[in-house]
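Remarks on the structure that follows.
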Amino acid sequence: MNKIKVGDDVMVIAGKDKGKRGTVLKLNGDRIVVENVNLAKKHQKANPQQGVPGGIIDKEMPLHRSNVGVYNPALGRADRIGFKTLEDGRKVRVFKSDGEVVDVG
């Protein structure tokens, strides 16, 4: 079970985009792509067959998973994640600081 999943609201805790929040779009090993974070300019060639215009676009580049933390709305900052087994046998993710359950399932 991973500590960070697609769709999680995360906050960048290190690097040039420190303090920015976004949603996890894609996971690739130890790399994470976050919405509107770590943008890079990409020169894109036009492809009329696919309807892709040419020009300079902003593209989200991956970050290392150690540079992001799951956002805890109760604290208003990033928090570490742990695991806990509920009474009915389900394993859930919890915030380390206050023990609140991140997701049920």
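Can you sort PHE83, PHE95 by 1.4 Å-probe accessible area, starting with the largest?
Final ranking, largest accessible area leading: PHE83, PHE95.
Extension gain for THR85-ARG31 works out to 16.7 nm (0.36 nm per residue, less the C-alpha to C-alpha distance). Loop-located trypsin sites (Lys or Arg not before Pro) across the stretch 1-31 with a Cβ neighbour count of 11 or fewer within 10 Å are LYS16, LYS18, with loop assigned by DSSP.
Computed with a 1.4 Å probe over protein heavy atoms only, the accessible area of ASP88 comes to about 100 Å².
Can you compute log10 of I(q)/I(0) for the chain with the Debye formula, treating each Cα as one identical point scatterer, at q = 0.13, 0.18, 0.19, 0.23 Å⁻¹? So the normalised log intensities work out to -0.56, -0.87, -0.93, -1.20.
With 19 Å as the limit, the listed pairs LYS26/LYS96; LYS3/LYS91; LYS3/LYS41; LYS20/LYS45 have LYS26/LYS96; LYS3/LYS41; LYS20/LYS45 beyond it between alpha carbons. Here the 3J(HN,Hα) profile of the stretch 17-28, calculated from phi with Karplus coefficients 6.51, -1.76 and 1.60 at θ = phi - 60°, is 9, 4, x, 7, 10, x, 9, 6, 9, 8, 10, 9 Hz, Gly and Pro shown as x. If you take all other residues with their beta carbon under 11 Å from the beta carbon of LEU39, and give Lys and Arg +1 and Asp and Glu -1, the sum is +1. If you filter the stretch 2-105 for GluC sites (Glu not before Pro), then keep DSSP loop positions with at most 16 other Cβ within 10 Å, what is left? Filter output for the stretch 2-105: GLU35, GLU87, GLU100.
Taking only protein heavy atoms and a 1.4 Å probe, the accessible area of the chain is 48% carbon and sulfur.
The values are calculated or read from the model by the stated rules, or taken from the named source; none is laboratory data. This structure is a prediction, so every number in the text was calculated from the model and none was measured. Methodologically, a virtual Cβ is constructed for each residue, glycine included, from the backbone with ideal geometry; neighbour enumeration extends over all protein chains shown. Keep in mind that these areas ignore ligands, DNA and RNA; they rest on the heavy atoms of the full protein, side chains included. Shrake-Rupley method; radii C 1.70, N 1.55, O 1.52, S 1.80 Å.
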